[in-house]
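Peer 1: Here's a structure for you.
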Amino acid sequence: MAGPGRLRASSGPASTLGAVTGSREIDNILQRGADGGRITPEEALLLYTEAPFHALGEAADAVRRRRYPDNIVTYLIDRNINYTNVCVTACKFCAFYRAPKHGEGWTHPTEEILRRCGEAVELGATQVMLQGGHHPDYGVEYYEELFSSVKAAYPQLVIHSIGPSEILHMAKVSGVSLDEAIRRIKVAGLDSIAGAGAEMLPDRPRKAIAPLKESGQRWLEVMELAHRQGIESTATMMMGTGETNAERIEHLRMIRDVQDRTGGFRSFIPWTYQPENNHLKGRTQATTLEYLRLIAVARLFFETVPHLQASWLTTGKEAGQLALHMGVDDLGSIMLEENVISSAGARHRSNLQDLIWMIRSAGRIPAQRDTLYRHLAVHRTPDEDPRDDRVVSHFSSIALPGGGVGKSLPLVEAK
Ligand code: SF4
């Protein structure tokens with residue numbers, strides 16, 4: 001009898017399999033997805049809700065093997081630096097923001113951001129993710145100054161930062177078109193747009209958790225404009241705030257439709273909602289199994305998106321490692337600093353050795369990558385593993401007054 005292991009790992013027409021799952025229909029969809037063929041949203045929902053876990057993982061992993069026959073899984077060293085926690089958008093799931101005039105609101109001067117960039121460079125970071133709230137005064141001019149200052153001081157750092165929400169906000173504050181805002185921040189130094197703020201793209205769940213945020217359609221329109229101006233991006237998804245299975249798949253469909261037109265999404269990064277310190281507190285949370293199933297379905301559904309990243313920060317290292325068997329080819333960043341998701345309760349921390357161990361013990365070859373997924377160093381044997389005890393993810397500096405101004409890494413010892 002044919003088993004899941006016989007799913008084809010090369011492109012070309014699908015071969016006929018015997019019963020893999022007990023359902024001819026599911027077998028056929030898995031086979032088509034594993035072969036790099038297109039599956040419909042309806043088929044993706046069927047896989048998500050009905051396909052046996054092992055068969056789903058095997059089919060998704062067949063995609064990874066076909067795409068990345070070198071067996072390499074990548075990681076990145078970067079730092080998430082927040083310029084302000086002041087925000088007018090008040091998303092219900094967010095534990096990071098403070099309303100304007102709130103006593104715990106802060107903004108960091110450029111010198112503080114440059115100091116943090118300098119620390120990141122010292123620790124081998126190749127990228128910074130500058131992220132912040134929708135400050136009522138921050139228009140395009142603020143971001144031009146921020147990006148050009150970082151580029152002038154650290155031209156080697158790739159600025160993979162902000163998201164469509166910030167771009168919409170800055171254009172509104174400055175009274176300019178989206179096209180102009182994107183053009184100007186690109187000239188100032190923005191290299192790549194982070195996929196943040198996608199949350200859930202379909203209207204119903206998005207309005208329930210972020211009523212003041214732009215619609216999912218608008219989020220995608222900004223991404224499409226940026227892609228057309230030559231700025232690529234990643235795409236994210238936050239699971240577990242009460243959305244249905246069908247809405248999760250609809251989120252994937254909305255991204256794939258844009259990808260069909262632009263090809264500008266390099267990677268898809270789902271993560272799970274963290275329930276502490278926010279208005280949705282503890283109401284719902286995606287289970288690890290739901291997360292892993294979504295990962296596998298995404299690998300099969302996104303035949304046009306090159307990379308799939310696991311979120312060890314929100315799901316933990318064990319789930320992150322399991323995701324490596326569900327089609328994932330990238331573990332993302334060490335995150336020398338992360339405050340936004342950590343504020344909502346993400347306690348998982350990692351370091352260079354841990355991340356490399358997770359990859360190697362899953363039977364893959366670890367490699368450090370840059371923002372464009374180019375391999376900077378491939379660690380083929382343990383002897384080639386880099387050793388730097390300072391490259392550790394750090395606890396939220398939100399706990400520190402003023403957002404930790406002037407505090408050097410480690411802000412708080414990693415657990
Ligand atoms: S998620 Fe972003 S836009 Fe929403 S409240 Fe938090 S900082 Fe503001």
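What follows is calculated from the coordinates using simple rules that are stated; it is not laboratory data. All of these numbers come straight from a predicted model, not from anything done at the bench. No Cβ is skipped: glycine too gets one built from the backbone with ideal geometry, and neighbour counts run over all protein chains shown.
Peer 1: Please compute the Kirkwood hydrodynamic radius over the range 72-400, one decimal place, Å, based on all pairs of different Cα atoms.
Peer 2: Kirkwood hydrodynamic radius for the range 72-400: 19.8 Å.
Peer 1: Any idea what the dipole of the chain comes to, in debye rounded to 20, about its Cα centre with Lys/Arg Cβ at +1 and Asp/Glu Cβ at -1?
Peer 2: Dipole of the chain, to the nearest 20 debye: 420 debye.
Peer 1: If you don't mind, there's one more thing I want to ask. For the range 72-400, what proportion of DSSP beta bridges, expressed in % and rounded to the nearest 5, is antiparallel?
Peer 2: Of those bridges, close to 15 percent are antiparallel.
Peer 1: Could you tally the net charge around A152, taking each other residue with its Cβ under 15 Å from the Cβ of A152, Lys/Arg +1 and Asp/Glu -1?
Peer 2: Surrounding charge for A152 is -2.
Peer 1: Dipole of the chain (Lys/Arg Cβ +1, Asp/Glu Cβ -1, origin at the Cα centre): which of H307, P100, S149 lies farthest to the positive side?
Peer 2: After comparing all options, I get H307.
Peer 1: For the range 147-155, what does the Karplus curve 6.51 cos²θ - 1.76 cosθ + 1.60, with θ = phi - 60°, yield as ³J(HN,Hα) per residue in whole Hz, taken in order and with x for Gly and Pro?
Peer 2: Karplus-based 3J(HN,Hα) across the range 147-155 equals 5, 5, 5, 5, 5, 5, 7, 9, x Hz.
Peer 1: With n ≥ 4 as the cut-off for DSSP H runs, can you work out [θ] at 222 nm for the chain, using -39500 (n - 2.57) per run divided by the number of residues, rounded to the nearest 500? Please report the intermediate quantities before stating the final value.
Peer 2: Numbers: 15 runs with 162 residues, N = 415.
Calculated from helices alone, the mean residue ellipticity at 222 nm is -12000 deg cm²/dmol.
Peer 1: For the chain, calculate the relative contact order in percent as a whole number, restricting contacts to Cα pairs under 8 Å that are 6 or more residues apart.
Peer 2: About 19 percent, as a whole number.
Peer 1: Hey, what angle do you get for helix 352-361 against the long axis of the chain, alpha-carbon based, 0 to 90 degrees rounded to 10?
Peer 2: Taking Cα atoms only, the helix is inclined about 10 degrees.
Peer 1: Are there trypsin sites (Lys or Arg not before Pro) in the range 86-126 that DSSP puts in a loop and that have at most 10 other Cβ atoms within 10 Å, and which ones? It would help to have the intermediate numbers written out before the result.
Peer 2: Values: sites: K92, R98, K101, R115, R116; in loops: K92, K101.
When the trypsin sites (Lys or Arg not before Pro) of the range 86-126 are filtered for loop state and at most 10 Cβ neighbours within 10 Å, K101 remain.
Peer 1: Taking amide hydrogens as modeled 1.01 Å from N in the peptide plane, which residues meet the under 5 Å criterion relative to L308, leaving out close sequence neighbours?
Peer 2: The list, which skips near neighbours in sequence, is F268, D329, D330.
Peer 1: Non-local amide H neighbours of N80 (under 5 Å, H modeled in plane, Pro and chain starts lacking H): which ones?
Peer 2: Amide H to amide H, under 5 Å and 5 or more residues apart or across chains, N80 pairs with M129, L336, E337.
Peer 1: Next question. Compute the angle between helix 216-228 and the longest alpha-carbon principal axis of the chain, please, reported from 0 to 90 degrees and rounded to the nearest 10.
Peer 2: 90
Peer 1: So who's got an amide H within less than 5 Å of the one on R98, skipping anything under 5 residues away but keeping other chains? H placed 1.01 Å off N, in plane.
Peer 2: For R98, whose amide H was placed from the backbone, the distant partners under 5 Å are V86, C87.
Peer 1: What whole-number distance in Å separates the alpha-carbon centres of the range 229-299 and the range 38-69?
Peer 2: Cα centres, the range 229-299 to the range 38-69: 16 Å.
Peer 1: Can you give the local net charge around L114? Use residues other than it whose beta-carbon is closer than 13 angstrom to its beta-carbon, Lys and Arg +1, Asp and Glu -1.
Peer 2: Values: positive: R79, R115, R116, K151; negative: E111, E112, E119, E122, E145.
Surrounding charge for L114 is -1.
Peer 1: A follow-up question, please. What order do you get for 252-258, 305-311 when each peptide is scored by the mean count of other beta carbon atoms within 10 Å, highest first?
Peer 2: Ranking, from highest mean packing down: 305-311, 252-258.
Peer 1: What angle, in degrees between 0 and 90 and rounded to the nearest 10, separates the Cα long axis of helix 110-122 from the longest principal axis of the Cα atoms of the chain?
Peer 2: 40
Peer 1: S267: net charge of surrounding residues, Cβ under 15 Å, Lys/Arg +1, Asp/Glu -1, itself excluded?
Peer 2: That sum, taken over residues with Cβ under 15 Å, equals 0.
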